Amino acid sequence: MTAIEKVREFIEAINRHDVDGIGRLMTEDHLFVDSLGGEVRGREVMRRGWAAYFSMVPDFAIEVQEAIADGRLVLASGMTRGTYSPDGKLRAEYVWSTPAAWRVLVAGGEIATWQVFADNEPIRMIL
């Protein structure tokens, strides 16, 4: 499987909100870097993080429009969208979407680094 195919598999697990599947695709020392440069390291910590995020944004989805690879490094761009849902209800006034890009390092067939570049302003405005 190519690095781009592995990244697409990871995104499919995210879009299914399959926390176990996401976990199986991450390295043990997985590094997540958010749009502000904050870092979280570790598969289990990130499994819990994804579960919490899906509780907050139950229809979160990623749409990749382009992806390129150079060996193990994949750069992808597209959109993210979702509905902020503090009480579990989806309301039209809490829907957001924003352009996004991802820098992903694949190691040993697993996602070693997942770095997100996205404008968080749409969801910040809702909060």
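The values are calculated or read from the model by the stated rules, or taken from the named source; none is laboratory data. This is a predicted model, so every value here is computed, not measured. Please note: Cβ atoms are built from the backbone with ideal geometry, for glycine as well, and neighbour counts cover all protein chains shown.
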Does at least one position in region 31-48 carry a residue that is of a type outside the set (D, E, K, R), in a helix (DSSP H, G or I), without any contact (Cβ under 8 Å) to a residue 40 or more places away in the chain and surrounded by fewer than 16 Cβ atoms within 10 Å (Cβ to Cβ)?
yes
Residue ID - farthest from R103 (Cα to Cα), chosen from residues in region 1-18 that are in contact (Cβ under 8 Å) with a residue 24 or more places away in the chain and not in a helix (DSSP H, G or I):
H17
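Listed here are the residues, each with its yes/no results for (1) farther than 21 Å from E5 by Cα; (2) modelled with pLDDT of 95 or more; (3) touching a Gly at 6+ places or on another chain (Cβ under 7 Å).
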position: G42; (1), (2), (3): yes, yes, no
position: D59; (1), (2), (3): yes, yes, yes
position: A69; (1), (2), (3): no, yes, no
position: R72; (1), (2), (3): no, yes, no
Name, by its number, the condition in (1) farther than 18 Å from M1 by Cα; (2) surrounded by 18 or more Cβ atoms within 10 Å (Cβ to Cβ); (3) free of Cβ contacts under 8 Å to residues at least 60 places away in the same chain that does not hold for I22.
(1)
Tally time: how many residues in region 64-85 are touching a residue at least 24 places away in the same chain (Cβ under 8 Å), surrounded by fewer than 17 Cβ atoms within 10 Å (Cβ to Cβ) and within 13 Å of the chain's Cα centre (by Cα)?
1
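Evaluate the following for G88: is it of a type in the set (G, A, S), exposed (fewer than 15 other Cβ atoms within 10 Å of the Cβ), over 13 Å from W114 (Cα atoms) and in contact with a Pro (Cβ under 8 Å, 6 or more places away or on another chain)?
For G88, the condition - of a type in the set (G, A, S), exposed (fewer than 15 other Cβ atoms within 10 Å of the Cβ), over 13 Å from W114 (Cα atoms) and in contact with a Pro (Cβ under 8 Å, 6 or more places away or on another chain) - is met.
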If I go through region 82-122 residue by residue, how many of them are in contact with a helix residue (DSSP H, G or I) (Cβ under 9 Å, 6 or more places away or on another chain) and either more than 27 Å from K6 (Cβ to Cβ) or of a type in the set (K, R) (or both)?
9
Return the residue satisfying two criteria in turn: it lies in region 1-19 and is of a type in the set (D, E) and within 15 Å of A112 (Cα to Cα), and of such residues it is surrounded by the fewest Cβ atoms within 10 Å (Cβ to Cβ).
E5
